[in-house]
1. Please specify each residue of region 37-54 satisfying the condition of being buried (at least 16 other Cβ atoms within 10 Å of the Cβ) and not small (Gly, Ala, Ser).
2. When only residues in region 232-255 that are part of a helix (DSSP H, G or I) and under 28 Å from Arg136 (Cα atoms) count, which is modelled with the highest pLDDT?
3. Residues that are farther than 30 Å from Ser333 by Cα, at least 1 per element: which helices (runs of 4 or more DSSP H) completely within region 33-150 meet that?
4. I'd like the full set of residues that are in contact (Cβ under 8 Å) with a residue 12 or more places away in the chain, part of a loop (DSSP other than H, G, I, E, B) and touching a Pro at 6+ places or on another chain (Cβ under 8 Å), limited to region 320-356.
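The values are calculated or read from the model by the stated rules, or taken from the named source; none is laboratory data. Given the structure is predicted, the values throughout are model-derived calculations rather than measurements. Neighbour counts run over all protein chains shown; Cβ positions are idealised from the backbone, glycine included.
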Amino acid sequence: MIKSILAICAVASASAQSNSSNYDAKWSHRGKNIVQLAQSVPDLSELVTALIAGQLTTALSGKGPFTVFAPTNEAFAKLPSKTLASLLDPKNIKQLQDVLTYHVIAGAAVFSKDLKTFQMVKTLEGDELKIAKAGRVIVGTDGAEVTSADNAASNGVVHIINGVLIPPTGPAPGPSPTAPTPAPASGNHLWFRGFTCLQFGNKLCRCGEVDAAPRMPASIFEPQNKAALQRYIDITVKFYSYRFSKTLSKLEVGRCKDTKVYTEGPFGIQGISWAPDALMDPICAEQCHCSYGSYGSAGTAALPYCKDQPDDPKAGKFCSLCGPKYNQPITISLYNGVPNKNGADNDGCRPQDAALCKLGNPWACSAGKCIQDQSGIYTKSGCAERCH
């Protein structure tokens, strides 16, 4: 794998030089290569650690040119803790290399001025990457945003982003090699849907849906546990209204096609974290006295990691929801709206979704005050409730 990456980089470098005779002159005034540039930025230290673990520093120190989308330390922290630990495990070096090289375009130094409104580009990993430019630059399918563009290096350019890009094929980051796969839904279904108009950096609306039932114990669907099921729904809807307000409307219970508007699809996004640490950590710690992700190491007293365990419906405790069995990555099914059909507007949006997109500018908490900011993660009401 290492030799093949080095070979691809060498071919890309040779091809770039043959197509541009003044390449050396153009780049010679920039002293640091991409790896050295990353090493000089404190907020890219996790990326540097990953590059070293993936044995990619030599390849990305080569002549290039390369375009690198560099996730910040905060971006890596958003990954489930077990996923990051799995990627950095030496036996999973191939998966780590696939993730890292998915952030690299070989053979071209692509600056922000070179971008079109929308393009698909082939990465060093081999899969194509979506890049959209509409005021800001969005990379990939999960809304990662370029926060610092056009950082020139001697062998290319680095764009710093606020998310880690996951290739369409993975990785397979289960909490442990022996973690069981999710159980069948046993005929139960609990569909959540959400809507976005920022998937491609424009007002094209999309609906994404996922069936939560395969990630839940069958007993929670029994009539006597109706209150526990409703609490699960309420917590999920409230949490995601805070976390993804910048790109996703408030969640609804139901399927995309039930709207009669979002019917074109499905298109899948794989490898999405089912339940992020920020949602599960405090719940699992309080209800089940275990650590879902980073909570145990961050608290005053370490808690054991959550394991699969029987539920206690009579006590209202469903601790199996904290274990690995029901928390594998998921595939979200996406559906497009068809413009001017079935009640959709010119952009393929339901009127209420278009209104959310136009009015839902994100809010951030700064020095105890709520401000409108493109890097924010809250709705206005969500910020007011949480910013102190």
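1. First pass over region 37-54, keeping only residues buried (at least 16 other Cβ atoms within 10 Å of the Cβ): 37-39, 41, 43-44, 46-48, 50-51, 53-54.
Leu37, Gln39, Val41, Asp43, Leu44, Glu46, Leu47, Val48, Leu51, listed by residue number.
2. If we take residues in region 232-255 being part of a helix (DSSP H, G or I) and under 28 Å from Arg136 (Cα atoms), then Val237 is modelled with the highest pLDDT.
3. In region 33-150, the matching helices (runs of 4 or more DSSP H) lie at 34-39, 45-53, 57-60.
4. Asn327, Gln328, Pro329, Gly343, Asp347, Gly348
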